[in-house]
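Presented below is the structure to which this report refers.
Throughout, read-outs are computed from the coordinates displayed, never taken from laboratory work. Note that the coordinates shown come from a computational prediction; the quantities given were computed from them, not determined experimentally. All Cβ positions, glycine included, derive from the backbone under ideal geometry; neighbour counts span all protein chains shown.
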Amino acid sequence: MKAEIGWQDAAGRRWAELQERTDAQLGPLGRAALERVNPRPGERALDVGCGAGQSTLELAELVGPRGSVVGVDVSEPLLARAKERVSAAGFENVELMLGNAASARVEPPVDLIFSRFGVMFFEEPVAAFTHLRETLVPNGRLGFVCWQPLEVNPWAHAPLGAVRSLRPEHPLVELLQPGKPGPFAFSDADLVRRILQSAGFANIDVTPDEMDVALGGARTLAEAVDYTLQIGPAARFIADAGLEADPRVRDALSEALAPYASERGVFVAARTLLVTAKRD
């Protein structure tokens with residue numbers, strides 16, 4: 001999962017530090033998927049790739065004090081932030097685990113598995129989902145949200161294109177290349193269905209969704225540029241191509257994101273797939 005792409009180092013610390021801004025962008029997208037998997041009071045849930053803990057807290061609220069939630073993530077910095085938030089919220093029914101959900105043992109079995117953009121990084125997705133299926137009780141439910149293709153997601157495509165134009169000869173970082181584990185690895189709905197079918201899931205539904213989100217919670221163009229310099233595909237390319245000190249980068253990002261800026265903030269289309277399935 002995420003351990004392979006640097007979630008233990010500076011990248012993980014940046015995500016933890018910018019948790020509030022990231023949640024402002026991703027929170028509405030995750031909640032759309034949560035509604036479909038429909039957590040109920042008293043249930044036991046597993047949050048795959050729980051990150052800094054927003055979706056874990058939302059699950060804990062929905063299953064209530066009679067239920068329980070296990071959050072799993074490979075990033076120590078993000079998990080440390082999640083633990084702070086769980087403690088501050090006063091939830092006693094949440095367990096947080098450092099590990100890879102593709103192989104982590106979660107006992108007893110859970111009623112539902114949820115993930116907000118955490119399952120696209122599996123090195124062997126069929127094996128990972130087979131393991132997750134075995135973690136569910138009979139008739140247990142799976143629900144997650146993942147990205148549609150990079151090209152139809154301007155929150156990522158516009159800034160990435162801007163910085164790539166500064167060094168067009170430099171290849172895309174591996175996690176953005178087709179067929180590699182990464183944020184857009186599950187952008188093909190048919191591929192998602194085949195993976196889940198091969199893992200033994202039934203009642204598979206993959207539904208496209210779209211909404212405008214505030215890029216990094218930005219209220220101004222400058223805030224959006226600052227966020228994009230630190231998190232997301234453009235930031236990955238900047239670091240990989242050695243463009244951190246290039247004075248053209250900020251201007252290129254400002255020009256790319258300016259069309260999305262308004263008095264209400266910097267809102268960009270986010271296109272996702274909402275996925276649900278069941279264990280027979």
Q: Determine the distance separating the Cα centre of the range 206-254 from the Cα centre of the range 28-73; give it in Å without decimals.
A: 28 Å
Q. Peptides 90-103, 15-28, 116-129: what's the order by average Cβ count within 10 Å, highest mean first?
A. 116-129, 15-28, 90-103
Q: Normalising by the residue count of the chain, find the relative contact order in percent from Cα pairs under 8 Å and 6+ residues apart.
A: 22 percent
Q) How high is the FRET efficiency between R105 and K180 when r is their beta carbon distance and R₀ equals 35 Å, given to the nearest 0.05? A) 0.80
Q: Could you pull out every residue, at least 5 positions away or on a different chain, whose amide H is within less than 5 Å of the one on L46? Hs are placed 1.01 Å off N in the peptide plane, and Pro or chain starts have none.
A: V70, L112, I113, F114
Q: Return the distance in nm (one decimal) between the two label points of a simple spin-label model at D209 and E61, each offset 7 Å from Cα along Cα→Cβ.
A: 1.5 nm
Q) Could you give the Stokes-Einstein D for the range 215-261 in µm² per second, using the C-alpha Kirkwood radius, 4 °C, 1.567 mPa s? A) 121 µm²/s
Q) Using the beta-carbon distance between T220 and D280 and R0 = 45 Å, what value does 1/(1 + (r/R0)^6) give for FRET efficiency, to the nearest 0.05? A) 0.35
Q. What whole-number value in cubic angstrom gives the convex hull volume per residue for the C-alpha atoms of the range 179-236?
A. 113 Å³
Q. Taking N as the number of residues in the chain, what is its Cα Rg relative to 2.2 N^0.38 Å?
A. 0.98
Q. Just how many % of Cα pairs in the range 54-121 lie over 21 Å apart, if you round to the nearest whole percent?
A. 18 percent
**Q.** Cα-projected label distance for E17 with S87, points at 7 Å along beta-carbon direction, nm
**A.** 2.1 nm
Q. Relative to the Cα centre, what is the charge dipole magnitude of the chain, using +1 at the beta carbon of each Lys and Arg, -1 at the beta carbon of each Asp and Glu, and rounding to the nearest 20 debye?
A. 360 debye
Q. Along the three principal axes, how long is the range 95-183 when you take its alpha carbons, biggest first, rounded to the nearest angstrom?
A. 52, 24, 20
